[in-house]
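The values are calculated or read from the model by the stated rules, or taken from the named source; none is laboratory data. Source: prediction; values computed, not measured. Counting neighbours? That spans all protein chains shown, and the Cβs are built from the backbone with ideal geometry, glycine included. Please note that ligands, DNA and RNA were not included when accessible areas were found on the heavy atoms of the full protein model with its side chains. Shrake-Rupley method; radii C 1.70, N 1.55, O 1.52, S 1.80 Å.
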Amino acid sequence: ALVDSIFKSYGPDSFPGRVASVMMGSTETTFYTVAVYFGAVGVKDTRHTLACALFADVVSAFVSVAVCRIFF
């Protein structure tokens with residue numbers, strides 16, 4: 001819904017639209033992935049997985065902006 005809002009406000013070919021597209025392509029739904037994959041193998045204690053996954057999402061946001069600045 002957030003990407004759709006960005007597309008409607010700025011357009012898909014704008015800088016914010018391209019950054020949103022790169023972010024959507026480079027990140028997964030963190031909580032869904034942790035729940036499904038750990039649930040499938042029966043892991044009860046995720047330890048540092050969620051913190052590392054959220055940190056990776058934040059890093060991917062910065063890298064998405066950098067990639068869009070370099071290539072577009």
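Per atom type, the chain shows carbon and sulfur on 67% of its accessible surface, probed at 1.4 Å. Here the dipole of the chain is about 80 debye; that uses its Cα centre as origin and unit charges on the Cβ of Lys and Arg (positive) and Asp and Glu (negative).
Panel note: the C-alpha atoms of the chain, placed on their principal axes, show extents of 43, 23, 14 Å (largest first). Per-residue extension of 0.36 nm, minus the Cα-Cα distance of residue 4 and residue 47, leaves a gain of 12.1 nm for this segment. The packing ranking, built from the mean of other Cβ atoms within 10 Å per residue, places the peptides 23-34, 41-52, 1-12 in the order 23-34, 1-12, 41-52, highest first.
With every protein chain present, what is the per residue accessible area of the chain (1.4 Å probe, Å²)?
With all protein chains present, the chain gives 76 Å² per residue.
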